[in-house]
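First up is the structure itself, then whatever we jot down about it.
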Amino acid sequence: MKRVIPTSQLLVNDNGRIYHLDLLPEEIADDIILVGDPGRVATVSDKFDRIEIKRSNRELVTHTGYFNGKRVTVLSTGMGTDNIDIVINELDALANIDLKNRVVKDTHRTLNLVRLGTSGALQADIEVGDSYVASRYAVGLDGLAYFYKESSEVIDKEATDDFIKFMDYPSELPRPYVVKSSDALFEKLSEGCYKGITATAPGFYGPQGREVRLSLAHPTINSRLEDFKYGEWKIVNFEMESSALFSLSRMFGHNAMTVCSIVANRVSEKSCKDYHPFIEKLVISTLEKMTK
């Protein structure tokens with residue numbers, strides 16, 4: 001007999017829509033672009049041939065439509081791995097749970113989840129502006145994956161152990177973890193990009209080595225991140241979502257990938273104020289590659 005998921009653990013609105021996303025199962029496509037900024041949803045959907053659904057709740061904005069005849073959803077997640085935890089769990093529920101009867105469906109639906117974001121480079125040779133980073137791996141400094149039993153099946157133990165040893169990682173911080181992105185999506189979307197490991201931080205300031213008024217407890221972390229290498233892959237950028245995206249997607253049986261526009265370089269201390277043209281270029285390129 002199938003387990004019936006309690007109402008306290010899977011929240012569904014009275015209209016049958018999943019709680020935070022405020023969506024019905026049929027309102028999402030298999031191919032989904034994730035952006036952090038709610039305002040960036042329209043930047044993507046403006047390129048669609050037509051839009052069939054627009055929905056918003058809090059910072060979560062969803063547009064579903066067609067590009068080159070293929071159905072695509074673009075959805076804003078807000079910032080941070082905590083928001084990714086909500087979004088990926090609810091997207092999977094829309095795809096793989098009978099919301100009315102609250103049981104897992106017999107047939108698994110696989111989603112392709114592509115995050116388009118902005119980030120800071122951690123290698124001096126990556127130029128700010130018209131540069132993009134495709135994430136082969138994500139190293140999570142957030143600890144989120146460890147709350148799920150299935151994380152042991154998706155975390156790259158060798159890479160994780162190498163990272164902790166190389167970094168002499170402080171024991172009072174959450175234990176890091178390394179997760180690989182989707183092979184298929186990486187092959188499809190990484191052309192023309194710098195490729196490497198993305199470091200996912202649980203914050204924007206201290207966790208990414210920024211000092212404003214508060215001092216850093218571990219001020220050498222950033223410089224050590226620059227030097228870490230796993231196989232052929234270096235840590236190339238810092239952001240706040242990919243580790244949770246990759247780990248949750250792999251646990252649920254979905255494909256996930258991140259491509260980021262480089263708006264700052266943390267080594268050279270350069271930044272790009274008007275990065276919007278580069279985001280536009282990334283959006284068009286990604287939509288064309290996804291819908292081939």
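The values are calculated or read from the model by the stated rules, or taken from the named source; none is laboratory data. Source: prediction; values computed, not measured. Quick reminder, even Gly has a Cβ in these numbers, built from the backbone with ideal geometry, and neighbours come from all protein chains shown. Keep in mind that these areas ignore ligands, DNA and RNA; they rest on the heavy atoms of the full protein, side chains included. Shrake-Rupley method; radii C 1.70, N 1.55, O 1.52, S 1.80 Å.
Entry comment: accessible area of the stretch 148-292 is 51 Å² per residue, from protein heavy atoms only and a probe of 1.4 Å. A straight chain from Glu26 to Ser152 at 0.36 nm per residue would run longer than the Cα-Cα distance by 42.2 nm.
Rolling a 1.4 angstrom probe over the stretch 150-292 with all protein chains present gives an accessible area of which 50% lies on carbon and sulfur atoms.
When the C-alpha to C-alpha distance is required to be over 28 Å, the pairs from Lys54/Lys195; Lys149/Lys195; Lys47/Lys188; Lys54/Lys105; Lys2/Lys289; Lys70/Lys281 that qualify are Lys54/Lys195; Lys149/Lys195; Lys2/Lys289. Its DSSP H runs of at least 4 residues, each contributing -39,500 (n - 2.57), put the calculated 222 nm mean residue ellipticity of the chain at -7500 deg cm²/dmol, to the nearest 500. Once both labels are positioned 7 Å from their Cα atoms along Cα-to-Cβ, the gap between Asp183 and His108 label points is 1.5 nm.
Beta bridges per DSSP, both residues in the stretch 1-147: antiparallel share near 65 percent.
As a calculated quantity, the FRET efficiency between Asp274 and Arg210 at R0 = 22 Å, using C-beta atoms, amounts to about 0.50. Near Ser131: Cβ cut-off under 13 Å, other residues only, Lys/Arg at +1 and Asp/Glu at -1. The net charge is 0. Cα centroid separation, the stretch 90-113 to the stretch 187-239: 33 Å.
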